[in-house]
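Worksheet for the structure shown next.
Laboratory data are not the source of any read-out in this text; all were calculated from the coordinates shown. The structure displayed is predicted, hence computed values, not measured ones. Here the Cβ is made from the backbone with ideal geometry for all residues, glycine too, and neighbour counts use every protein chain on show.
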Amino acid sequence: MIVVRNLRTCLGSFCLDNVSFDVADGTVLIVVGPNGSGKTTLLECISGIRRVESGKIVIDDIDVTYLPPERRRVGYVPSDYGLFPGMTVEKNILLAFRKSKGMTLEQLQRIVHLLQIGELMGKNVESLSSGQKQRVAIARALASNPRVLLLDEPTSALDPATKEYFKRSFRAVIKDVFNDFNVPVIYTTHDLPEARSVGDKLAVINDGVIEQVGSVNEVFENPRTRFIAEFLGYNVLEGHVIAVRDNHLFINVKNVTLVAQCAGNGWNAPKDVIVVIKPQDITLFSAKEQLSSHRRDEYTVLRGVVRNAHIEGSTAKVEVVVNGFSLKAETGLDHWERLRAKPGDGIYVQIDAFKVKVLPSTK
Amino acid sequence: MKFQPNAFNALNYVLLLLFLLFFLLVLVSPAAFVKPDGMIRSLLSDEIGYALALSILTATCSTLISVVIGLPAAYALSRFNFPGKKVVEGFLDVPLSLPPVALGASLLIFFSKNPLGIFINENLVRFVFEVPGIIVAQFVVVSPITMKILKEVFDGIPVRYEWMARVLGYSHVEAFLYVVLPLAKHGVLAATLLSWAKALGEFGATMMLAGATRFKTETLPIALYLKLAEADLEGVAVIIYVLVTTACIVTIAARKFLTKVSMT
């Protein structure tokens, strides 16, 4: 288990500050955030490459905060994989194995088997494809018998075809490896679908500060800040609470009233709010009659105009302009084709009240 | 870029050709004084044999000392920032532009006039007009070159490989020995070869400190000087061709190693 408490380190004007989380054995913590938010710096602090100013890093009950990297037993895979050039795959892995404490040859063979790199052992690392380098780098990190595994954007250097292979099949292999070795894994990525499928926990980092950490589902369902909602690609709208009635908030957003569910009539938060709606929670209809037969205060119906739409796999991503503001919606390709809507056409959107999240405004 | 036939390019090629022809002419001209049987006789003569053996021995010693001292020093210069680093780097450049004869004269003054130098020369190792003096003279001329090449080699090895080795469980020293040195091996070999070739041809500093005593401090360049002084042009030509051949072989080998450095 790894416990990180109030970690702080500065690099020029950038500071990683007050970072706290813990990751149990066999759990994968995904750290997401924009470029320059401090993901790599965080991993470098844990691996010992970067000096920590204050705070604590505890791995398996051992305080490693000020230990040199070689005494931490951390497996680290940087985004460029960091394989030693001019050496074979075997040499790279044996260099790690030689320093592993308590790892048997059978375990090493298991790593080689799980990561499917047996045939690559005699090859020079420069001759490997990016996907092969990724697997060798993970194998090398595991061959050092680490107490925690750190992976810095392991899929960022993959070409689109390998990335697609990773998404289709290798993700399961990675999961198997993580389960087999039962160590805490900290994994940074930009890719939200990848975060969802690989991770157990999710931390969102912005400008050196972790804005939210929780289970993957919790963070995706209940983003705690405006930044997280925007980073996850949700609709984020500024509004003003105009009425609270029967466990519902009525919020004015650019002269349109949205209904959101709330617990009780006592909405004590400020009147200025931020409304968060996931694109998947917006239902599109071509005519008003087709709308749901729920009570009127359980959903909001708005009329808008399709600005643009594009297809990604089996999903249609549609931008609808409603009363001067844009809403991103996602719907199944079948449904979108039935609607027969094209840019410039009128369309109705329905937003269920219980799917509308309301956050206090940061203004 | 392909050759484009225009006046500017033609001028460049003609000048390059003239430059090469001039050098070829200079190198070929001593051949006029050599007959095949005379050349073999000179090559097998005791004097040239002694000079060749002494040159190889002293150049090897001074190069090894330069590399052994140069490796950690160049690594420190490449990796660490410390106050006065620029001054140290500038100081290393001075021997490169200073005539070797001035360096040799300085060494002679140090070992014959400076109390510490006199103590070393009289009680530890005799350098003035002795074989160890050749090694010191070659070392002083060669070591800045060795250090500069090795620093370039270490600069070309990203520090992140050392950090990766540390994370894998290797101490700083182990990371240097097991990861940095294997990555630097081609560069180190190239630096060694180029330093050795430079040491083999060193004359000015050797002449000043070790003198030019036949069958004692007679390296190949000193032998060449002595042969020229007695107008033995055949001997001069033989020594020139020994030095040119060695330089060519070493340069080709060093270029091969340097190519491997740039590939890794």
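Filter the cross-link list A:Lys56/A:Lys101; A:Lys254/A:Lys328; A:Lys99/B:Lys260; A:Lys39/A:Lys317; A:Lys101/B:Lys185; B:Lys113/B:Lys216 down to pairs whose alpha-carbon distance in this structure exceeds 21 Å.
A:Lys56/A:Lys101; A:Lys99/B:Lys260; A:Lys39/A:Lys317; A:Lys101/B:Lys185; B:Lys113/B:Lys216
Using Cα centres only, tell me the gap between region A:187-242 and region A:1-72 in whole Å.
The distance from the Cα centre of region A:187-242 to that of region A:1-72 comes to 20 Å.
Using a 10 Å cut-off on Cβ to Cβ distances, tally the other chain neighbours for every residue of A:89-97 and report the average as a whole number.
2
Using 7 Å Cα-to-Cβ label points, what is the B:Val244/A:Asn323 separation (nm, one decimal)?
9.4 nm
Could you run the Karplus curve 6.51 cos²θ - 1.76 cosθ + 1.60 with θ = phi - 60° over region A:331-345 and give me ³J(HN,Hα) per residue in whole Hz, x for Gly and Pro?
Computed from phi, the couplings for region A:331-345 are 9, x, 4, 4, 4, 4, 5, 5, 5, 6, 8, 9, x, x, 7 Hz.
Stretched out fully, how many nm does the piece from B:Ala105 to B:Leu20 gain, at 0.36 nm a residue minus the Cα gap?
Using 0.36 nm per residue and subtracting the Cα-Cα distance, I get 27.1 nm.
Can you tell which of A:Ala203, A:Val148, A:Gly26 lies farthest toward the positive end of the dipole of the protein assembly as shown, using +1 and -1 charges on the Cβ of basic and acidic side chains (Lys, Arg; Asp, Glu)?
The one lying farthest along the dipole's positive direction is A:Ala203.
For the peptides A:91-104, B:16-29, what is the packing order when you average, over each peptide's residues, the other Cβ atoms within 10 Å and list the highest mean first?
A:91-104, B:16-29
Have a look at A:Leu43, A:Ala329, A:Thr104 and report the one farthest towards the positive end of the charge dipole of the protein assembly as shown, computed about the Cα centre with Cβ charges (Lys/Arg +1, Asp/Glu -1).
Of the options given, the answer is A:Ala329.
Using each residue's phi in region B:49-66, evaluate 6.51 cos²θ - 1.76 cosθ + 1.60 at θ = phi - 60° and report the 3J(HN,Hα) Karplus result to the nearest Hz, with x for Gly and Pro.
x, 5, 4, 5, 5, 5, 4, 4, 5, 5, 5, 5, 4, 5, 5, 4, 4, 4
Apply 1/(1 + (r/R0)^6) to the Cβ-Cβ distance of A:Asp272 and A:Ile62, taking R0 = 45 Å, and write down the FRET efficiency to the nearest 0.05.
Here the calculated transfer efficiency is 0.40.
From Cα pairs below 8 angstrom and at least 6 apart in sequence, can you work out the relative contact order of chain A, rounded to a whole percent?
So the answer I get is 16 percent.
Under 4.7 Å Cβ to Cβ, no partner at all: give me those cysteines from the protein assembly as shown, in residue order.
A:Cys45, A:Cys262, B:Cys61, B:Cys248
Once R0 is set to 56 Å, what does the formula 1/(1 + (r/R0)^6) return for the Cβ-Cβ distance between A:Cys10 and B:Glu230, expressed as a FRET efficiency to the nearest 0.05?
Efficiency, from the Cβ-Cβ distance: 0.20.
So how far apart, in nm, are the two label points at B:Phe80 and A:His335 if each is 7 Å from Cα heading toward Cβ?
Output for this residue pair reads 6.6 nm.
Give me the net charge for the shell around A:Phe181: Cβ to Cβ below 11 angstrom, other residues only, Lys and Arg +1, Asp and Glu -1.
Neighbourhood net charge equals -1.
Based on the mean of other beta carbon atoms within 10 Å per residue, what is the order of A:206-213, A:304-311, most packed first?
Packing order, densest peptide first, comes out as A:206-213, A:304-311.
Using +1 on the beta carbon of Lys and Arg, -1 on that of Asp and Glu, and nothing else charged, what's the dipole of region B:37-263 about the Cα centre, debye to 20?
Here region B:37-263 has a charge dipole of around 820 debye.
Which of rounded, prolate or oblate describes region A:115-166 when judged by the alpha-carbon gyration tensor and an a/c cut-off of 1.5?
oblate
Counting other C-beta atoms within 10 Å, and keeping those with at most 16, which DSSP coil trypsin sites (Lys or Arg not before Pro) do you find in region B:194-244?
Passing sites in region B:194-244 are B:Arg214, B:Lys216.
With a Förster radius of 35 Å, plug the Cβ-Cβ distance of B:Lys260 and B:Ala7 into 1/(1 + (r/R0)^6) and report the FRET value to the nearest 0.05.
0.35
Rounded, prolate or oblate for chain A? Axes are the square roots of the Cα gyration tensor eigenvalues, ordered a ≥ b ≥ c, and the cut-off for rounded is a/c under 1.5.
Prolate is the answer for chain A, as a/c is 1.5 or above and a/b outweighs b/c.
Picking from B:Val68, B:Leu228, B:Gly211, whose Cα lies most toward the positive end of the charge dipole for chain B (charges on Cβ: Lys, Arg +1; Asp, Glu -1)?
B:Val68
Mean residue ellipticity at 222 nm from the helices of the protein assembly as shown, using -39,500 (n - 2.57) per DSSP H segment of n ≥ 4 over the full residue count, to the nearest 500 deg cm²/dmol?
Only helices count here, giving -14500 deg cm²/dmol.
Place a point 7 Å from Cα of A:Gln280 in the direction of its Cβ. Which residues in region A:185-201 have their backbone N less than 13 Å from it?
Hits in region A:185-201 for A:Gln280 at 13 Å: A:192-197.
Mind putting a number on the dipole of region A:1-146 about its Cα centre? Charges go on the C-beta only, +1 for Lys and Arg and -1 for Asp and Glu, and I need it in Debye to the nearest 20.
Rounded to the nearest 20 debye, it is 240 debye.
Can you give the average number of partner chain beta-carbon atoms within 10 Å of each beta-carbon in peptide B:168-179, as a whole number?
What the average comes to for B:168-179 is 5.
Shape of region A:35-158 from its Cα gyration tensor (a ≥ b ≥ c, root eigenvalues): rounded if a/c is under 1.5, otherwise prolate when a/b > b/c, or oblate?
Since a/c reaches 1.5 but b/c is at least a/b, the shape of region A:35-158 is classed as oblate.
Using only atoms on other chains, find how many Cβ atoms lie within 10 Å of each Cβ of peptide A:79-85 and report the average.
4
Along Cα→Cβ, 7 Å out, is where each label goes; now give me the distance between the ones at A:Asp25 and B:Glu174 in nm to one decimal.
It works out to 2.4 nm between the two label points.
Apply the Karplus parameterisation 6.51 cos²θ - 1.76 cosθ + 1.60, with θ equal to phi minus 60°, to every residue of region A:346-355 and state each ³J(HN,Hα) to the nearest whole Hz, in sequence, with x for glycine and proline.
x, 7, 9, 10, 10, 10, 5, 4, 6, 9
With charges set only on the Cβ (+1 for Lys and Arg, -1 for Asp and Glu), what does the dipole of chain A come to about its Cα centre, in debye to the nearest 20?
Here the size comes out at about 200 debye.
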